[in-house]
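Below is one structure; the comments refer to it alone.
Derivation of every value follows stated rules applied to the coordinates shown; laboratory data play no part. Computed from a prediction, not measured in an experiment: that's the story for all the values here. In this analysis, Cβ positions are derived from the backbone assuming ideal geometry, glycine residues included, and neighbour counts consider all displayed protein chains.
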Amino acid sequence: MIYLELFLTFLQIGTVSFGGGYAMISLIREQVLSHSWLSEADFLNMVAISESTPGPIAVNMATFIGASQGGLLGSFVATLGVVLPSFIIILLVATLIRNLLKYKGVQVFFNGIRPCVIGLILSTSMILFFNTIFSIQQFNSAASLDIRGLIILFSIFVIQFVIKTQKQTGASPIALIFSSACLGIILYSI
């Protein structure tokens, strides 16, 4: 039954993920592709849509993937699955252990997890980069440069650099997403 499968899959992702939504993307990708719920290209589109909509990216992805597989109920059970572990953990931490970080064992635990989270985020970023710019879905597949994607990436980099040097703060992420969407509409319509 797809609803139970969606719930259990996203419950597993929510249970074993540390480091927030971006660290969860690689786990979501692995599960979604192994279940054949989406193709690699559809998954990348789902990441872009999830990043562009308000809310945490992992919750948005669970909602959209659930909706694509099981409609409204599918989106509900996938979202419930991904947020339930965090909700329970935060509830327990908030009620039972107020000064959790004062314990050396907890500090050591988090120090050990941080490099893993960084590695997950970097690997996901590299996968998204190579897939978007070079159309590489596997390491042994042939590369084909997407000039339009490269133009958008370079344009957003230049916009961010110019604003950062003039204002001492970066551009608004919303403005960058909107700019890249507009560039995408223009460049991919040609």
* For the range 140-175 and the range 70-102, what is the separation of their Cα centres, given in Å? -> 34
* Structure fact -> For the chain, longest principal axis from Cα atoms; helix 40-52 axis from its Cα atoms; angle between them, nearest 10 degrees, is 80
* Asked: For the range 95-190, what D do you get in µm² per second when you plug the Kirkwood radius from alpha-carbon pairs into Stokes-Einstein at 4 °C and 1.567 mPa s?
  -> 77
* Taking the mean number of other Cβ atoms within 10 Å as a proxy for protection, how do you rank 179-186, 28-35, 167-174 from highest to lowest? -> 28-35, 179-186, 167-174
* Using θ = phi - 60° and Karplus 6.51 cos²θ - 1.76 cosθ + 1.60, couplings along the range 22-34 (whole Hz; Gly, Pro as x) -> 5, 5, 7, 4, 5, 5, 4, 4, 4, 5, 5, 6, 5
* Would you indicate which of (1) 1, 7, 12, 16, 17, 16, 13, 10, 5, 2, 1, 0; (2) 1, 8, 17, 22, 22, 17, 9, 3, 1, 0; (3) 1, 8, 16, 21, 19, 16, 10, 6, 2, 0, 0 is the value of P(r) over Cα pairs in 5 Å bins from 0, in percent derived from the coordinates of this structure? => (1)
* **Principal semi-axes in Å for the range 146-190 [√(5λ), Cα gyration tensor, largest first]** => 22, 11, 6
* Using a Förster distance of 25 Å, the FRET efficiency for Ile2-Ser123 (Cβ separation, nearest 0.05) -> 0.30
* the chain: angle of helix 104-134 to the longest principal axis, Cα-based, in degrees nearest 10 -> 30
* Structure fact -> Rounded to the nearest 10, the angle in degrees between the Cα long axis of helix 173-189 and the longest principal axis of the Cα atoms of the chain comes to 50
